[in-house]
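What follows is a set of notes on a single structure, which appears directly below.
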Amino acid sequence: MRPLNYAILKLFEDGREFDVQGVITQLQDEYSSFRAFKPMAINESLMSAEKNGLLEECNWELDAQGELHVYYKATPYGIEMIHNYIK
């Protein structure tokens, strides 16, 4: 099993867009027992990947409860790095 941060990045390697909830939905079966598998920690992972040029914000929306959802996608550099370094 990959480290959680690697698994998060692998979700983006094919150009798909995810917000925190989308990441949780995709990885829930495999990683739900991890201590860091919480929305705040996943959001920090996504923001860190953005600051390192692997991901970029691509969309935003407010849900019915007024919660902001920020969507990310991999940059061309990020896709290359994910393919080269995360197997």
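Annotations for the structure displayed:
Table: residues versus (1) at pLDDT 95 or above; (2) surrounded by 17 or more Cβ atoms within 10 Å (Cβ to Cβ); (3) touching a strand residue (DSSP E or B) at 6+ places or on another chain (Cβ under 9 Å).
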{"residue": "Leu4", "(1), (2), (3)": "yes, yes, no"}
{"residue": "Phe12", "(1), (2), (3)": "yes, yes, yes"}
{"residue": "Glu17", "(1), (2), (3)": "yes, no, yes"}
{"residue": "Gly22", "(1), (2), (3)": "yes, no, yes"}
{"residue": "Thr25", "(1), (2), (3)": "yes, no, yes"}
{"residue": "Gln28", "(1), (2), (3)": "yes, no, no"}
{"residue": "Pro39", "(1), (2), (3)": "yes, no, no"}
{"residue": "Asn43", "(1), (2), (3)": "yes, no, yes"}
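- Residue in the range 15-38 that is among the basic types (Lys, Arg), within 24 Å of Tyr85 (Cβ to Cβ), out of contact with any Asp or Glu (no Cβ under 6 Å at 6 or more places or on another chain) and in a helix (DSSP H, G or I) present: no
- Residue list for the range 58-72, restricted to those being in contact with a strand residue (DSSP E or B) (Cβ under 9 Å, 6 or more places away or on another chain) and open to solvent by 70 Å² or more (accessible area, probe 1.4 Å): Trp60, Glu61, Leu62, Leu68
- Residue within the range 70-78 that is without any contact (Cβ under 8 Å) to a residue 12 or more places away in the chain and either in contact with a Ser or Thr (Cβ under 8 Å, 6 or more places away or on another chain) or of a type in the set (Val, Ile, Thr) (or both) present: no
- Count of the range 54-78 residues, restricted to those that are of a type outside the set (Phe, Trp, Tyr), farther than 17 Å from Ile24 by Cα and either more than 13 Å from the chain's Cα centre (by Cα) or at pLDDT below 95 (or both), is 7.
- Per the conditions (1) within 19 Å of Pro3 (Cα to Cα); (2) assigned to a helix (DSSP H, G or I); (3) open to solvent by 90 Å² or more (accessible area, probe 1.4 Å), the sole criterion not satisfied by Ile79 is (3).
The values are calculated or read from the model by the stated rules, or taken from the named source; none is laboratory data. Because the structure is a prediction, the values reported are computed rather than measured. Neighbour counts are summed over all protein chains in view; Cβ atoms, including those assigned to glycine, are modelled from backbone coordinates with ideal geometry. Just the protein is used for accessible areas: all its heavy atoms, side chains included, with ligands, DNA and RNA removed. Shrake-Rupley method; radii C 1.70, N 1.55, O 1.52, S 1.80 Å.
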